[in-house]
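A quick write-up on the structure given underneath.
The values are calculated or read from the model by the stated rules, or taken from the named source; none is laboratory data. What you see is a predicted model; the values in this text were computed from it and never measured. Here Cβ is always computed from backbone atoms with ideal geometry, including for glycine, and neighbour counts include all displayed protein chains. Note: areas computed on protein heavy atoms with side chains; ligands, DNA, RNA excluded. Shrake-Rupley method; radii C 1.70, N 1.55, O 1.52, S 1.80 Å.
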Amino acid sequence: MPMSDFDPVRIGVVSISDRASSGVYEDKGVPALQQWIARAVRNPVSWEARLIPDEQDVISATLRDLVDQAHCHLVLTTGGTGPAPRDVTPEATLAVADKVMPGFGEQMRQISLQFVPTAILSRQVAVIRGQALIINLPGQPKSIAETLEGLKDDQGRPVVHGIFAAVPYCIDLIGGPYIETDESVCKAFRPKSAVRAPKP
């Protein structure tokens, strides 16, 4: 099916880091987010990318702008979700929320606990603002891919589901575009009644 047959999707990607935003080192968060989404999502994607410091007001303002002005359907953040004093991404995200979606954070920690016991220190949250889903992801590119994609066995079957499997249906429910995925990367789950028939 040609890409033109899929709904266009606007995605915001936000890397939150004092040092990367001030040029101390190269940001790896935004490229990691874009690379994984480019592999997983079959729809044409337009990107809104931001690199900002760990300032709560700046983070909240950026999220509001991406949803209210840029009209993103999905916003993914990376960084600033630990217990350190400058880690304020969850607080900034909750401040702009219409609804909190706790299952995303619970599942991300469940996935990361398969690798490191310090996963319980992660405070990622996910919220809905208007017709957009906002998700805080971990800061490391490897962890970003693991939490989005989940864990698979040697035959490629899911052992622990990644969070992105639930993202397309969530966006359906809040009135967004119909997101279709490459099942070899991440199979989106929808109830049978919500699956759209392929276009002829």
Quick count over region 59-112, residues being over 23 Å from Leu148 (Cβ atoms) and touching a residue at least 60 places away in the same chain (Cβ under 8 Å), is 3
When region 123-140 is checked residue by residue, the ones that are over 15 Å from Glu91 (Cα atoms) and either surrounded by fewer than 20 Cβ atoms within 10 Å (Cβ to Cβ) or over 10 Å from the mean Cα position of the chain (by Cα) (or both) are Gly130, Gln131, Ala132, Gly139, Gln140
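Does Ala166 qualify as being part of a helix (DSSP H, G or I), within 15 Å of Gly103 (Cβ to Cβ), open to solvent by less than 70 Å² (accessible area, probe 1.4 Å) and aliphatic (A, V, I, L, M)? Give the derivation first.
Details: part of a helix (DSSP H, G or I): yes; within 15 Å of Gly103 (Cβ to Cβ): yes; open to solvent by less than 70 Å² (accessible area, probe 1.4 Å): yes; aliphatic (A, V, I, L, M): yes.
Yes; evaluated as a whole, the condition is true for this residue.
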Within region 61-100, residues being open to solvent by 10 Å² or more (accessible area, probe 1.4 Å) and part of a helix (DSSP H, G or I) number 9
Output for Cβ contacts, cut-off 8 Å, separation at least six or different chains, first residue open to solvent by 50 Å² or more (accessible area, probe 1.4 Å) in region 29-40, second among the acidic types (Asp, Glu), reads Arg39/Asp182
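Looking only at region 177-200, how many residues end up being of a type in the set (A, V, I, L, M) and not in a loop (DSSP other than H, G, I, E, B)?
1
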Ala119: passes all of (1) touching a helix residue (DSSP H, G or I) at 6+ places or on another chain (Cβ under 8 Å); (2) touching a residue at least 12 places away in the same chain (Cβ under 8 Å) but (2)
Matching residues in region 4-14 (of a type in the set (Phe, Trp, Tyr) and buried (at least 23 other Cβ atoms within 10 Å of the Cβ)) number 0
Of the residues in region 101-122 that are outside any helix (DSSP H, G or I), open to solvent by less than 80 Å² (accessible area, probe 1.4 Å) and among the hydrophobic types (A, V, I, L, M, F, W, C), the one that is farthest from Arg64 (Cα to Cα) is Val116
When Val160 is run through (1) buried (at least 23 other Cβ atoms within 10 Å of the Cβ); (2) assigned to a strand (DSSP E or B), the failure sits at (1)
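Using the structure shown, decide if Ser17 is surrounded by fewer than 17 Cβ atoms within 10 Å (Cβ to Cβ) and in contact with a strand residue (DSSP E or B) (Cβ under 9 Å, 6 or more places away or on another chain). Spell out how you get there, then give the answer.
Working: surrounded by fewer than 17 Cβ atoms within 10 Å (Cβ to Cβ): no; in contact with a strand residue (DSSP E or B) (Cβ under 9 Å, 6 or more places away or on another chain): yes.
For Ser17, the condition - surrounded by fewer than 17 Cβ atoms within 10 Å (Cβ to Cβ) and in contact with a strand residue (DSSP E or B) (Cβ under 9 Å, 6 or more places away or on another chain) - is not met.
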Checked against (1) under 17 Å from the mean Cα position of the chain (by Cα); (2) within 18 Å of Gln35 (Cβ to Cβ), Ala166 satisfies every condition except (2)
